[in-house]
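Please read the structure below before turning to the comments.
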Amino acid sequence: WDWNGTLLKDAELGRSIMNGMLARRQLPLITRERYREILTFPIIEYYRMAGINLERESFDALAVEYVAAYEAGWRACELEPGVEDVVLRAADSGITQSILSANRHDRLLEQLRYYGLTDYFMRIEGISDDLAYGKEHLAQGHMASLGVSADSAVYIGDTLHDAQSAQAIGCRCVLVSWGHQSEARLAAAGVPICRQPGELIPLLGL
């Protein structure tokens, strides 16, 4: 599983934080539709498309600003309605589950504990910093650590980057349209797209 936008419903928080950053710089705000069209990895490209001048501002400093607001706001987010049921069904069916996220690892662990999901995942892996350059480089090692074959695995995420990570592993991918990128963008990956969590159940054989 991916985490942000797939299991955790935090896309609107992300847009709100960016709009706060844009407002402080007297730049035009972004709509929900615009957000889902420009959110991309590496995240630095998203900042550029949102209108922030990376020639004048340090991306590291921008990341600190963003993360401070995210830390203050994420506990008000909920899990995507219905997705916890899919996780529980998979666990009850004996399917092993893991999380690979571009979220910082220690925060990812804190969030899983906060939402009471830690015990359902045999491996939880995030990245080492807050720069969100991506997780594709972690994908093969993550898969190898699980001790399962790629052809028996399914990668579930909400961005084209998740599809790229699945390709790096060599496993099937399913994308969900309720997260950080629009369904029209996700269609470019050429993989199944689910519009609501219940649609994952037959795809996973549950």
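The values are calculated or read from the model by the stated rules, or taken from the named source; none is laboratory data. All of these numbers come straight from a predicted model, not from anything done at the bench. Every residue, glycine as well, gets a Cβ built from its backbone with ideal geometry; the counts of neighbours run over all protein chains shown. The protein model used for the area step is the full one, side chains on, heavy atoms only, and it has no ligands, DNA or RNA in it. Shrake-Rupley method; radii C 1.70, N 1.55, O 1.52, S 1.80 Å.
Of the residues contained in the range 120-128, none is found to be more than 30 Å from residue 60 (Cβ to Cβ), exposed (fewer than 14 other Cβ atoms within 10 Å of the Cβ) and of a type in the set (Gly, Ala, Ser). Taken over the range 72-82, residues that are in contact (Cβ under 8 Å) with a residue 24 or more places away in the chain, open to solvent by 40 Å² or more (accessible area, probe 1.4 Å) and out of contact with any Gly (no Cβ under 8 Å at 6 or more places or on another chain) amount to 4. Put simply, of 60, 92, 85 the only residue that is open to solvent by 60 Å² or more (accessible area, probe 1.4 Å), farther than 30 Å from residue 202 by Cβ and of a type in the set (D, E, K, R) is 60.
Contact annotation: residue pairs with Cβ atoms under 8 Å, 6 or more positions apart or on different chains, pairing a residue in the range 36-55 that is within 18 Å of residue 158 (Cα to Cα) with a partner that is charged (D, E, K, R), are 36/185; 37/185. Name the single residue, out of those in the range 171-206 being within 22 Å of residue 94 (Cα to Cα) and assigned to a loop (DSSP other than H, G, I, E, B), that is nearest to the chain's Cα centre (by Cα). Ranking the qualifying residues of the range 171-206, first place goes to 171. Counting only helices (runs of 4 or more DSSP H) that fall entirely inside the range 71-150 and contain at least 3 residues that are within 24 Å of residue 41 (Cα to Cα), the qualifying elements are 105-114, 136-146.
When 13, 22, 29 are screened for being in contact with a helix residue (DSSP H, G or I) (Cβ under 9 Å, 6 or more places away or on another chain), farther than 30 Å from residue 88 by Cα, open to solvent by 20 Å² or more (accessible area, probe 1.4 Å) and at pLDDT 95 or above, only 29 passes.
Annotation: of all residues in the range 32-57 being among the acidic types (Asp, Glu) and in a helix (DSSP H, G or I), the one that is surrounded by the fewest Cβ atoms within 10 Å (Cβ to Cβ) is 33.
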